[in-house]
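Before any comments, here is the structure.
Read-outs throughout are calculated quantities, based only on the coordinates presented, and are distinct from any laboratory measurement. Because the structure is a prediction, the values reported are computed rather than measured. Note: ideal-geometry Cβ built from the backbone for every residue, glycine included; neighbour counts use all protein chains shown.
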Amino acid sequence: MATSKTMHLLRRLALALVAPVLLLHPWSASAGESFDKGSCTFNGHKLYGDIRVVSSGADVTVREVTSGADLNVKKVTSGASSCGEWRMVTSGADTTVRFVSSGADVSIRYVTSSPGAN
């Protein structure tokens with residue numbers, strides 16, 4: 001039978017192996033927050049329509065990437081009614097976004113065709 005010291009070391013080893021996985025898993029950083037591909041929203045905020053970029057107090061934080069994006073975004077000048085179609089505005093926005101380099105709610109990639117959730 002294992003000694004108390006051995007059991008203590010095994011518990012510490014298990015914690016050392018499991019803790020990084022739990023801390024780095026995507027759902028751990030934003031518990032209760034989610035990107036809903038079906039409705040193209042993040043926490044109820046539309047990821048299409050009139051979008052305004054702000055420096056603080058954004059509805060959604062986004063990170064621009066070149067591959068593996070959650071959402072393909074196409075900038076349009078009118079009729080932004082489909083998932084991933086963004087009409088950039090300076091007031092009266094459906095959703096406000098703030099660009100960040102890490103810890104984003106949603107990753108985006110700008111495209112010229114086929115906007116939408118990935």
> Are there any pairs with C-beta distances below 6 angstrom linking a residue in the range 93-118 that is over 15 Å from A80 (Cα atoms) to a residue that is of a type in the set (F, W, Y), with the two at least 6 apart or on different chains, and if so which?
Replying inline: D105/F42; V106/F35; V106/F42
> Can you tell me which residue in the range 86-118 is surrounded by the most Cβ atoms within 10 Å (Cβ to Cβ), limited to those that are among the aliphatic types (A, V, I, L, M) and outside any strand (DSSP E or B)?
Replying inline: A104
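Would you mind stating whether G79 is closer than 20 Å to S55 by Cα and assigned to a loop (DSSP other than H, G, I, E, B)?
no
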